Every structure is written in structure tokens, then in C-alpha cells.
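Report on the structure given below.
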Amino acid sequence: MKKLRKFVVQQSGSAPLWTAFIAIVLISFSLLIYTGMTVQANYRQAQTELERAANISLDVNLKNPAVRDIQLGIPISSVQTKLAENLLIAGFARNADNDWQRIKDGKAVYTLKNWQMMQQGEQYQMSGMLKIPLLWGPETAVEIPIRTNVQVIFLDFR
């Protein structure tokens, strides 16, 4: 304990070293928090864009979109076909590995890997892995599982 106290309360001028050390720690924490917030924002953006594309795919496949009560269980093959078209329209590109990549301003924002769509009654569940590149380069990335549900809603007022 006495040695630690001697090191902290030195008279030879170690204050600049402590200041630099504390500054480096604070900068590291701020970069960590900023990276986490960026990953979270990209995750939410991906989830929102996928839900929009899937909802549009469901609406297009309804027999009567204005009424929404004729066919609620749409065949999954037609929904998947329209979903692929809507993802292309939304700015996604399919790469050689059959993954969907969102590109903005010539830079990959995120990549959807192992994308699957399942139907459970009137609900459609999409799941896969979301690969989000970190701030310091596309070589370093985080892979997070992503899952979202969409369905046709019918309100019966009888």
C-alpha cells in the first residue's frame, strides 16, 4: 500500500503521464460506445427495411388489397419472389454467396447472410445473420442474428 501511495503522490512530476493515461481510457470508452450505437442503429435500420419489403410483398400478393379479407394465407413462394424484387428496389444487391448486401454511397452498410423465410399460418417469419462492418474497416465486422415477423392484419367488425 505504501508503494502505491508513493507512486501516486510522486514529487517528480508524473501528472502528464496520468493525464495521458486517463485521456486514452476516456477516448477508448467513447469509441466503444459510439461503435455500439452505430451497430444498434444499423441493426434497427435493417430490421425496418426488411419489414417494409416483406409487408409490401404481402400486399402485392393479396387478391383484393383494399379489402384484405379474401386470402390471408398467401403461398410462401410468391411472397419470397416479391420480397427479392422489393429488396432489389430498396437498394440491396445479391452477391456471389447468395447473401443480400445493402450498399449506400458505394459502401456496404450491412449484409444479410443465411436468409430464410418460414410461414406459420398467416404469419411470415424471416431470420438470418446480419453482418455489420465496424467503423475501422470492412474487414472487421459483427455478426448478429436477426429475426422479424410480418402478417396480414384483418379486422372483423361483425
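Within the stretch 58-65, the presence of a residue that is modelled with pLDDT of 85 or more, among the β-branched types (Val, Ile, Thr) and surrounded by 14 or more Cβ atoms within 10 Å (Cβ to Cβ) is excluded.
Where strands (runs of 3 or more DSSP E) sit wholly within the stretch 79-120, those with at least 3 residues that are closer than 23 Å to residue 149 by Cβ and in contact (Cβ under 8 Å) with a residue 12 or more places away in the chain occupy 107-120.
Restricted to the stretch 1-57, and to residues there that are assigned to a loop (DSSP other than H, G, I, E, B) and hydroxyl-bearing (Ser, Thr, Tyr), the residue that is modelled with the lowest pLDDT is 12.
Would you pick out the residues in the stretch 121-134 that are among the charged types (D, E, K, R) and either without any contact (Cβ under 8 Å) to a residue 12 or more places away in the chain or out of contact with any Phe, Trp or Tyr (no Cβ under 9 Å at 6 or more places or on another chain) (or both)? Correct list: empty. Of all residues in the stretch 120-147 being in contact with a strand residue (DSSP E or B) (Cβ under 8 Å, 6 or more places away or on another chain) and of a type in the set (S, T, N, Q), which is nearest to residue 107 (Cα to Cα)? Taking the candidates together, the pick is 140.
The values are calculated or read from the model by the stated rules, or taken from the named source; none is laboratory data. Just so it is clear, the model here is predicted, and its values are computed rather than measured. Positions of Cβ are backbone-derived with ideal geometry, glycine not excepted, and every protein chain shown enters the neighbour counts.
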